[in-house]
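The values are calculated or read from the model by the stated rules, or taken from the named source; none is laboratory data. Because the structure is predicted, anything quoted here is derived from the model rather than measured. Please note: Cβ atoms are built from the backbone with ideal geometry, for glycine as well, and neighbour counts cover all protein chains shown. Calculation scope for accessible area: heavy atoms of the full protein, side chains included, ligands and nucleic acids excluded. Shrake-Rupley method; radii C 1.70, N 1.55, O 1.52, S 1.80 Å.
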Amino acid sequence: IGNSPGIQQVFEVIRKVAKTKSNVLITGESGTGKELVARAIHSLGSKNGARFVAVNCSAIPEGLLESELFGHKKGSFTSAIEDKKGIFESAHDGTLFLDEIGYMSMSCQVKLLRTVEQRQILPVGSTEPVDIDLRMIAATNRNLFEEIKAGRFREDLYYRVNVVGIHLPPLRDRKEDIPLLVEYFVKKHNVEMGKHCIGVSDDVMKLFMSYEWK
């Protein structure tokens, strides 16, 4: 939602990239709507009826992320009591959204790079690769150029996931959109809460427009 030049540019890129299968990297501060953009790309794409699978890379312990993403075979480690399909395989023919990719360990990045290049996954403990066909959208609130310089993110992976880049401006840089957002949220919560609020006062709107929105 918004008419500001920055967000309109984002909308234009969304419309264009949705018609392709290009990998997308969405950057921006926390709370700017990165997953909303990923879902918009998916819903406008040709496979909008397929699965949209989202995973937060920073929320899964490092030791488990590889197994969660790529799956594992029974007996490949102590607690692997049965075969498990990974997130990549679950998202086959749809869209996989890797949120906070900047927190992924270097060892997992190596395997992700091979997956992106080969369009195949290798479950933990398996010698047989599995073909996958999906759109991958990644997002991060970290500056990946700084992460590359610091040796925490692979430069080759960066260029693989950042085929199309979308940067989301923070709300403080598009304050002209605030009245539209207020109107949207008032209507939304009127429905959800059974209320009939007609909007906010001029004083409240002045506060919203002058707030820093960190």
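Among the candidates Leu144, Leu122, the residue that is open to solvent by 20 Å² or more (accessible area, probe 1.4 Å) and in contact with a Phe, Trp or Tyr (Cβ under 7 Å, 6 or more places away or on another chain) is uniquely Leu122.
On inspection, Ala150 does not qualify as surrounded by 12 or more Cβ atoms within 10 Å (Cβ to Cβ) and of a type in the set (Gly, Ala, Ser).
For the stretch 172-194, taking the residues that are of a type in the set (Lys, Arg) and part of a helix (DSSP H, G or I), the one that is farthest from Lys206 (Cα to Cα) is identified as Lys188.
Conditions tested, residue by residue: (1) within 19 Å of the chain's Cα centre (by Cα); (2) assigned to a helix (DSSP H, G or I).
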| position | (1), (2) |
| --- | --- |
| Thr127 | no, no |
| Met136 | yes, no |
| Leu157 | yes, yes |
| Gly165 | yes, no |
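Does the stretch 65-81 contain at least one residue that is of a type in the set (S, T, N, Q), loosely packed, with under 13 Cβ neighbours inside 10 Å, farther than 22 Å from Gln120 by Cβ and touching a residue at least 24 places away in the same chain (Cβ under 8 Å)? The answer is no, given that none of the residues of the stretch 65-81 is of a type in the set (S, T, N, Q), loosely packed, with under 13 Cβ neighbours inside 10 Å, farther than 22 Å from Gln120 by Cβ and touching a residue at least 24 places away in the same chain (Cβ under 8 Å). Which numbered condition in (1) in a strand (DSSP E or B); (2) open to solvent by 60 Å² or more (accessible area, probe 1.4 Å) is the only one that Val110 fails? All conditions are met except number (1).
The residues of the stretch 3-14 that are open to solvent by 10 Å² or more (accessible area, probe 1.4 Å) and among the small types (Gly, Ala, Ser) amount to a single one, Gly6. A count restricted to the stretch 1-14 and to residues that are assigned to a loop (DSSP other than H, G, I, E, B) and either under 19 Å from Arg160 (Cα atoms) or of a type in the set (Ser, Thr, Tyr) (or both) stands at 1. The residue that is surrounded by the fewest Cβ atoms within 10 Å (Cβ to Cβ), among those in the stretch 15-39 that are part of a helix (DSSP H, G or I) and in contact with a strand residue (DSSP E or B) (Cβ under 7 Å, 6 or more places away or on another chain), is Glu35.
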